[in-house]
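To keep things clear, I will list the structure first and then write my remarks on it.
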Amino acid sequence: MGEILTFGKYEGEDIEEVPDSYLEWVVANFDKGRWLHLAEDELERRQEEGICIEDDNPFDAFGSFDEVFG
């Protein structure tokens, strides 16, 4: 079991279960910090293991950083 997200669309979800695109969003929108590193590590793990977790609804945008964190 990985870290439990404490923010955003997947708050309360295990980082190992969220879609790749959300982790990519975290990497693109966080400048530094714990969540940036956790998202990068999880994406790297998935790439090494050949794992891809897709969105349930790829047309449902995650929003901007300000929209997620207000």
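The values are calculated or read from the model by the stated rules, or taken from the named source; none is laboratory data. Here the structure is a predicted model, which means the values were calculated and not measured. Virtual Cβ from ideal backbone geometry, glycine too; neighbours counted across all protein chains shown. Ligands, DNA and RNA are stripped out before the accessible areas are found, and what is left, the full protein with its side chains, is counted by its heavy atoms. Shrake-Rupley method; radii C 1.70, N 1.55, O 1.52, S 1.80 Å.
Annotations for the structure displayed:
- Scanning region 1-13 for residues that are in contact (Cβ under 8 Å) with a residue 12 or more places away in the chain, open to solvent by 20 Å² or more (accessible area, probe 1.4 Å) and either among the aromatic types (F, W, Y) or farther than 13 Å from I51 by Cβ (or both) gives M1, E3, G8, K9, Y10.
- Of all residues in region 3-22, those satisfying the criterion of being outside any loop (DSSP other than H, G, I, E, B) and in contact with a strand residue (DSSP E or B) (Cβ under 9 Å, 6 or more places away or on another chain) are I4, D14.
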